[in-house]
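Please read the structure below before turning to the comments.
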Amino acid sequence: MIYSGEVIGDIMKRGEYAWINVSDENNAIGIWVPYVETEKIKYTGKYRYKGDIVRISGVFNRACPEHGGDLDIHAKSIEIIEKGYEIKRNINFYGLIAGIVLFIIALSLNISIYRKKI
């Protein structure tokens with residue numbers, strides 16, 4: 001079987017193998033892969049990163065006997081279709097200033113209420 005999608009989350013090494021998660025935008029599935037194959041992966045999808053897009057060739061298991069009946073794919077090879085990248089995010093300075101002002105107001109109100117109770 002061939003499955004393609006974005007590598008997301010962490011690469012979880014388990015001896016000579018590793019688990020990776022691949023999302024095709026609708027679903028994600030765990031892939032059991034030889035660890036040396038994961039060395040091709042540079043980026044995994046997270047908050048600030050778009051993960052590498054990969055093509056997995058392997059065996060689909062609806063209920064894998066090796067992994068407690070879980071649904072997974074045992075990969076034979078990984079091919080990088082598209083490299084991932086860091087996502088640049090701009091800071092919203094107006095939101096930052098508004099947050100600081102609201103924090104100061106809330107802190108001031110809490111201090112004044114606390115002083116009145118004493």
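The values are calculated or read from the model by the stated rules, or taken from the named source; none is laboratory data. It should be emphasised that the depicted structure is a prediction, and the values quoted were computed from it without experimental measurement. Heads up, the Cβs are rebuilt from the backbone with ideal geometry, glycines too, and the neighbour counts pull from every protein chain shown.
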- Can you spot a residue in region 18-26 that is of a type in the set (Ser, Thr, Tyr), under 15 Å from Ile2 (Cα atoms) and under 21 Å from the mean Cα position of the chain (by Cα)? yes
- Whichever residue in region 42-88 is touching a Phe, Trp or Tyr at 6+ places or on another chain (Cβ under 9 Å) and touching a residue at least 60 places away in the same chain (Cβ under 8 Å) and, among such residues, is nearest to Ala18 (Cα to Cα): Ile73
- Item | Test: Glu39 is at pLDDT 95 or above, closer than 12 Å to Ile80 by Cβ, within 18 Å of the chain's Cα centre (by Cα) and of a type in the set (Asp, Glu) | no
- Since Ala75 meets every condition but one in (1) exposed (fewer than 12 other Cβ atoms within 10 Å of the Cβ); (2) within 20 Å of Asn27 (Cβ to Cβ), which condition does it not meet? (1)
- Matching residues, region 4-41, being surrounded by fewer than 19 Cβ atoms within 10 Å (Cβ to Cβ), of a type in the set (A, V, I, L, M, F, W, C) and touching a residue at least 24 places away in the same chain (Cβ under 8 Å): Ile8, Ile11, Ile29
